[in-house]
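In what follows, a single structure is set out as structure tokens and then discussed.
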There are 2 protein chains.
Amino acid sequence: MQTQNLGSIAVVGAGAVGCYYGGMLARAGYDVRFLMRSDLESVRQHGLTIRSQGEEWHIAAQAAGTAAEIGPCDLVLIALKATANEALEKILPPLIGPRTVLLTLQNGLGNEEFLAQRWGEERVLGGLCFVCLNRVSPGVIEHYDHGTLSIGEFQRSPAERTSSIVAAFRESGIDAKVVQNLAEERWRKLVWNIPFNGLSIVGQSATVADVLADPGLRQLASDLMSEVIAAANALGLSIPGSFAEYQIERSASMGPYRPSSLIDWELGRPVEVEAIWGEPWRRGSSAGTPMPRLETIYRLLQRLCRGAAVG
Amino acid sequence: MQTQNLGSIAVVGAGAVGCYYGGMLARAGYDVRFLMRSDLESVRQHGLTIRSQGEEWHIAAQAAGTAAEIGPCDLVLIALKATANEALEKILPPLIGPRTVLLTLQNGLGNEEFLAQRWGEERVLGGLCFVCLNRVSPGVIEHYDHGTLSIGEFQRSPAERTSSIVAAFRESGIDAKVVQNLAEERWRKLVWNIPFNGLSIVGQSATVADVLADPGLRQLASDLMSEVIAAANALGLSIPGSFAEYQIERSASMGPYRPSSLIDWELGRPVEVEAIWGEPWRRGSSAGTPMPRLETIYRLLQRLCRGAAVG
């Protein structure tokens, strides 16, 4: 059942995203090696557990405490918080051989560039996860909803390897797909994340329903979306203006959903302020698009998330 | 010693501002009548106490529980929170005779208009208080610093009565002065209040020093000031752009000062969101000046101050 070219897979960042996608590949028989710190002993003894809509899978998992124990792999899934990217400078080198591919599943902008600058842009792919997950205890992942994984090449059209990786995820039960333009997918995701994740924190625990029910915040969310769309288009992408209204309307079904950044903030965990708000603002501004509302939210988030900014 | 034309004075809103300015007039021998609710019995028994930089004055005060007991006066000082303006529709009529003058000491924009629409614009004056006060218990006011009171006519040049009222305050030990253009003074005060009072709340207890020490918030404060100045000038006033930098620099000496709106917010008291942020944004916008940063702060304040918005 295994796809050619995909031998060993390392997973860096063993939070909910890394354990879920890596665990699903391991469950399907792929050679997946998890780099772990605090959860290492627990996963060595008990493996991983994924609970998903009434089912529960126990998965034997290879877990290592150092990258050197894992050694070079064909594919490295990077699922650390973007705020911890500097740690990758020490973590990744032992995992990288001549043909190793790096797939970042991180949020926001700048993560592919971080990898490309250090290990060569030809290695780099990005994936966007649309999934509701929680790590409830060491090695135990609760999967609530969704799970789509959209994978694209960094600044290139999809290649054969893109399809191979997507096929491996699909064989493992993940709704994966190839995206033609990774940058555009990232900006489309930001159209939602910038207002809803941002307002959830600066609005002091505002759920999606809270934002939609407050005429002022709803208008502000819509205006932030328009700023993001204008910036994306100034950068050469093509997102129609009506995408903002569509995103507002489709959010109604989410109810009192608490965006992941709000949960992180309330628990004192790092929030990816630069990847989700800072970098889009810098890119839009440098393309000549004024983004004063995003700038305001970003400045406030820098202050409000400072306590937890180093993760 | 008393100025002609200034016989009886009513004070509506017996918080720190009303008790301080009214109390100083009473101490100088003016016929001042305080309309009070919760502090009524205490002030009837013990009068007012003003403590100011080492001195302490005990002032016999006429206090009444209803406007009808006070009756028509020559001057009414209005020192209620702007959020309570609707209560004035019932309170003021018994205080108003044919020549009664209404002087609002309230913050922000819209208070003179509120009075003018109901009782005639020719009666209305506005005063800007630059003073650090606190009501420490019923009828007891602590005066920390400053005290300047700038008084002008609503949409008119100063008249003889303006000078008479200013003279009465000066006789009472208040550093009062006549302003030529009340609207411009209000906008100049907003240049400081909009960023520093606003960011103190949306920045979750950011003091003046916190805002100045954070490069992002300092820039945001400066950009908010520029929006306010541009709006004022679009409305026909004349505030130089350099006033923003001047206001930022003069704030350095304030240290960890907590703006009054922050104190109100932390204590769950009403915050004058419409007078300080909403009305300037509406006026600037209707004059064609984009104020996206002010709009963002305003939307957030509407949410964050909602619990206490009705006072």
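The values are calculated or read from the model by the stated rules, or taken from the named source; none is laboratory data. Predicted model only: the values in this text are computed from it and were never measured. Virtual Cβ from ideal backbone geometry, glycine too; neighbours counted across all protein chains shown. Calculation scope for accessible area: heavy atoms of the full protein, side chains included, ligands and nucleic acids excluded. Shrake-Rupley method; radii C 1.70, N 1.55, O 1.52, S 1.80 Å.
Overview of values
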{"item": "All-pairs Cα distance distribution in the range B:1-107, expressed in whole percent, bin size 10 Å", "result": "15, 50, 30, 4, 0"}
{"item": "Gain in span if fully extended, B:Ser285 to B:Tyr144, counting 0.36 nm per residue against the direct Cα distance", "result": "47.1 nm"}
{"item": "Geometric extent, Cα atoms of chain B - Rg, Dmax (angstrom)", "result": "19.0, 55"}
{"item": "GluC sites (Glu not before Pro) lying in DSSP loop within the range A:1-94, provided at most 13 other Cβ fall within 10 Å", "result": "none"}
{"item": "Semi-axis lengths, Å, the range B:99-150, gyration tensor of Cα atoms, sqrt of 5 times eigenvalues", "result": "26, 12, 10"}
{"item": "Distance between modelled label sites at B:Glu160 and B:Phe130, nm, 7 Å Cα→Cβ extension", "result": "3.0 nm"}
{"item": "Backbone N within the range B:55-70 under 20 Å of label point (7 Å from B:Asp175 Cα along the Cβ vector)", "result": "B:55-57"}
{"item": "Kirkwood Rh and Cα Rg combined as Rg over Rh, evaluated for the range B:211-311", "result": "0.98"}
{"item": "Excluding exposed DSSP-loop trypsin sites (Lys or Arg not before Pro) (at most 14 other C-beta within 10 Å), longest clean stretch of chain A", "result": "A:157-311"}
{"item": "Residue-averaged [θ]222 nm for chain A, counting only DSSP H segments that reach four residues, each worth -39500 (n - 2.57)", "result": "-12500 deg cm²/dmol"}
{"item": "Inter-copy spacing of B:Gly255 label points, which lie 7 Å from Cα along Cα→Cβ, given in nm from shortest upward", "result": "5.2"}
{"item": "Nearest-10 value in Å² for the accessible area of A:Trp187, using the 1.4 Å probe", "result": "10 Å²"}
{"item": "FRET efficiency for A:Ser242 and A:Gln117, using Cβ-Cβ distance with R0 set to 60 Å, rounded to 0.05", "result": "0.95"}
{"item": "Shortest-first distances to equivalent copies, position A:Gly71, nm, label 7 Å out along Cβ", "result": "10.3"}
{"item": "Shortest-first distances to equivalent copies, position A:Ala167, nm, label 7 Å out along Cβ", "result": "9.7"}
{"item": "All Cα pairs of the protein assembly as shown, percent lying beyond 30 Å", "result": "61 percent"}
{"item": "Reference-scaled alpha-carbon Rg (2.2 N^0.38 Å with N residues) for the range A:8-180", "result": "0.95"}
